[in-house]
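**Student:** I have a structure here, written as structure tokens, and I will follow up with some questions on it.
The values are calculated or read from the model by the stated rules, or taken from the named source; none is laboratory data. Keep in mind the model is a prediction, meaning the values are calculated, not measured. Don't worry about glycine lacking a Cβ; one is built from the backbone with ideal geometry, like all the others, and counts go over all protein chains shown. Just the protein is used for accessible areas: all its heavy atoms, side chains included, with ligands, DNA and RNA removed. Shrake-Rupley method; radii C 1.70, N 1.55, O 1.52, S 1.80 Å.
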Amino acid sequence: MKKHSHLFSAAAVAGLLAGSAAWAETELVYWSFWNEGEPQAQVIQSWMDDYSAENPDVSFKVFWNGRQNQTTVRNALSGGTVIDIMDADADALNGGLAKQGLAVGWADMLEGPSYDGEHSFAEDFHSGILNQVKVDGWTGQIPYAFYTVQLFYNKAMFAEAGAETPPETWEGLLEVLRNVRDNGHNALAVESDITFYNIHWFNYLLARIAGPDFVMKATEDKTGEMWRDPAVRQALEMEKALWDEGLIPEESRGYQWPAAQTTLAYDETAAELVGSWLPIELADLVSDEFEWGGMKFPMVEGGAGNINDVTAIGVSFVVLDGTEHAKDAQDFVRYTISQAQQEKMAKDSRIGVANPRVSWVPELAASEQAIADANLVMAENLGIKVAYPDYSSNVYEALHNRFFLGELTVDQFVDEMVLRTKEYWENR
């Protein structure tokens, strides 16, 4: 509120307060996961502008902090800084500020009306996405955008290799990749230095062979012996075969991001297992004729998984517990999930969005379908990245990448996982 020099009688002030909401103006403080100037940040700024236009008594103060936002927010909160809304990776939030006692809960609002009042707020979400962000049945965050992890491929190369539609089995995928290789192209792109890309092969294979809960169970086995399960060796041998058969070119061991992915843009390589940011990152490099395909990770014969279990990496809002403006903050977040606002995010930033009534850009059609079909939306590293982040990075991903690049044999990897898991729990 601006300060005025005029003096009013008590009666006049009371009358003005009764007749104008502007005297109760609210400033919502929002700390953001995005960097200023990014397309997503520009959309969110438009959300704030539009919301304030509809609700003149609410304004925003925003800090564009970038990807370390949750850490930045935690440090600020410990120093007494007042923050109403923040956002970050959904998985990381489940292990952090989205917990009960730190965030405002959403159960009542999800059961209530959507912003436009045409249905419940819960119906503004793909069901699998809402389930993913619950912690012990409690929802402390609201996902608004996300990426899927799938095999993204050059449709023309797959068609030339005999796959007009993507294969649904591992053997079917291998046949297509072998045909791609025999047609004179590289089958798969791999960035040697990006451990959290390469681990997706192991995650998906274990989820398809032994089920999506296997990795968490093996991690929590304090003896480490569960890593000797035959499913682990089977997954490792299947990964190794990709290299042995030349389906991953040998020079990939030396690639540093983004060297491998650019080979897709230049029609040298057919496919990469990665997040759905890939088609967008390469949009300015591919030819006008290039057409993206995207496939669900295939089933393994005799496996316990489901082809419609898909890994998704989301970004969510959290309204922080203790805010004096929880009602306004939650109303704004509800506004951002409305169809009109989600359409802005889908179109302008070319990212997947939470609202099932919104169509994604054509390059992400397969990602949109995967979420619509999802039997289970899986967290990164099948949940251990949130539950045990140091183990996930320093043991699970680190050892896997050494195996993946040929520095460890199958036996050495298994032995190291057993030893390092046991040590992790002994020192915890």
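**Student:** Can you give me the number of residues within the range 327-353 that are more than 16 Å from F146 (Cα to Cα), of a type outside the set (S, T, N, Q) and open to solvent by 10 Å² or more (accessible area, probe 1.4 Å)?
**Tutor:** 5
**Student:** Next up: List the pairs whose first member sits in the range 339-361 and is within 16 Å of E123 (Cβ to Cβ) and part of a loop (DSSP other than H, G, I, E, B), whose second member is of a type in the set (S, T, N, Q) and modelled with pLDDT of 95 or more, and whose Cβ atoms are under 7 Å apart, counting only residues at least 6 apart or on separate chains?
**Tutor:** Pairs found: A354/Q342; N355/Q339; N355/Q342; R357/Q339; V358/Q339; V358/Q342.
**Student:** Checking V310 against (1) without any contact (Cβ under 8 Å) to a residue 40 or more places away in the chain; (2) touching a Lys or Arg at 6+ places or on another chain (Cβ under 8 Å), which test does it fail?
**Tutor:** Condition (1) is where V310 drops out.
**Student:** Going residue by residue through the range 364-375, is there one that turns out to be surrounded by fewer than 22 Cβ atoms within 10 Å (Cβ to Cβ), among the hydrophobic types (A, V, I, L, M, F, W, C) and either touching an Asp or Glu at 6+ places or on another chain (Cβ under 8 Å) or outside any helix (DSSP H, G or I) (or both)?
**Tutor:** No, because not a single residue in the range 364-375 is surrounded by fewer than 22 Cβ atoms within 10 Å (Cβ to Cβ), among the hydrophobic types (A, V, I, L, M, F, W, C) and either touching an Asp or Glu at 6+ places or on another chain (Cβ under 8 Å) or outside any helix (DSSP H, G or I) (or both).
**Student:** Can V395 be described as among the hydrophobic types (A, V, I, L, M, F, W, C), part of a loop (DSSP other than H, G, I, E, B), without any contact (Cβ under 8 Å) to a residue 40 or more places away in the chain and open to solvent by less than 20 Å² (accessible area, probe 1.4 Å)?
**Tutor:** no
**Student:** Given E160, E171, which one is more than 25 Å from L28 (Cβ to Cβ), in contact (Cβ under 8 Å) with a residue 40 or more places away in the chain and surrounded by fewer than 23 Cβ atoms within 10 Å (Cβ to Cβ)?
**Tutor:** Of E160, E171, the one residue that is more than 25 Å from L28 (Cβ to Cβ), in contact (Cβ under 8 Å) with a residue 40 or more places away in the chain and surrounded by fewer than 23 Cβ atoms within 10 Å (Cβ to Cβ) is E171.
**Student:** Counting only residues that are touching a residue at least 60 places away in the same chain (Cβ under 8 Å) and open to solvent by less than 10 Å² (accessible area, probe 1.4 Å), which one in the range 282-299 is farthest from E368 (Cα to Cα)?
**Tutor:** By that ranking, first place goes to P298.
**Student:** Here is a follow-up. Considering only the range 190-204, state which residues are part of a loop (DSSP other than H, G, I, E, B), open to solvent by 10 Å² or more (accessible area, probe 1.4 Å) and within 27 Å of A159 (Cα to Cα).
**Tutor:** Listed by number, the list is empty, since nothing qualifies.
**Student:** Here is a further query. Could you check the range 72-100 and list, in sequence order, the residues that are farther than 23 Å from Q45 by Cβ, open to solvent by less than 50 Å² (accessible area, probe 1.4 Å) and at pLDDT 95 or above?
**Tutor:** The one that is farther than 23 Å from Q45 by Cβ, open to solvent by less than 50 Å² (accessible area, probe 1.4 Å) and at pLDDT 95 or above: A98.
**Student:** Which of the residues belonging to the range 70-90 are part of a helix (DSSP H, G or I) and either free of Cβ contacts under 8 Å to residues at least 24 places away in the same chain or under 27 Å from A374 (Cα atoms) (or both)?
**Tutor:** Result: T71, R74, N75, S78, A90.
**Student:** Which of the residues that make up the range 91-122 are assigned to a helix (DSSP H, G or I) and either of a type in the set (A, V, I, L, M) or more than 20 Å from the chain's Cα centre (by Cα) (or both)?
**Tutor:** Matches in the range 91-122: A92, L93, A107, D108, M109, L110, E111, F121, A122.
**Student:** How about the range 42-71: which of its residues are over 22 Å from D348 (Cα atoms), open to solvent by 70 Å² or more (accessible area, probe 1.4 Å) and under 19 Å from the mean Cα position of the chain (by Cα)?
**Tutor:** If the condition is that a residue be over 22 Å from D348 (Cα atoms), open to solvent by 70 Å² or more (accessible area, probe 1.4 Å) and under 19 Å from the mean Cα position of the chain (by Cα), then Q68, T71 are the ones that fit.
**Student:** Examine the range 274-281 for a residue that is of a type in the set (S, T, N, Q), farther than 22 Å from E380 by Cβ and either open to solvent by 50 Å² or more (accessible area, probe 1.4 Å) or touching a residue at least 12 places away in the same chain (Cβ under 8 Å) (or both), and state whether such a residue exists.
**Tutor:** No - not one qualifying residue is present in the range 274-281.
**Student:** Using the structure shown, decide if G101 is in contact (Cβ under 8 Å) with a residue 60 or more places away in the chain and among the small types (G, A, S).
**Tutor:** The answer is yes for G101.
**Student:** If we keep just the residues of the range 222-232 that are under 16 Å from T409 (Cβ atoms) and under 27 Å from the mean Cα position of the chain (by Cα), which is surrounded by the fewest Cβ atoms within 10 Å (Cβ to Cβ)?
**Tutor:** Out of the qualifying residues, it is V232.
**Student:** I'd like to verify a number: residues in the range 130-157 that are open to solvent by 20 Å² or more (accessible area, probe 1.4 Å), in a strand (DSSP E or B) and under 20 Å from P362 (Cα atoms), how many?
**Tutor:** Total satisfying the criteria: 1.
**Student:** Right, another one. Right, R228: within 24 Å of N306 (Cβ to Cβ), at pLDDT 95 or above and of a type in the set (K, R) or not?
**Tutor:** No.
**Student:** Also, I was wondering about something else. Only one residue in A207, A235 is farther than 17 Å from F413 by Cα and open to solvent by less than 10 Å² (accessible area, probe 1.4 Å), so which one is that?
**Tutor:** A207
**Student:** Please specify each residue of the range 311-326 satisfying the condition of being farther than 20 Å from V104 by Cα and open to solvent by 10 Å² or more (accessible area, probe 1.4 Å).
**Tutor:** I313
Here is a yes/no grid of residues against (1) touching a Gly at 6+ places or on another chain (Cβ under 8 Å); (2) open to solvent by 60 Å² or more (accessible area, probe 1.4 Å); (3) assigned to a helix (DSSP H, G or I):
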| residue | (1), (2), (3) |
| --- | --- |
| Y391 | no, no, yes |
| N401 | no, no, yes |
| E407 | no, yes, no |
| D415 | no, yes, yes |
| L419 | yes, yes, yes |
| K422 | yes, yes, yes |
| R428 | no, yes, no |
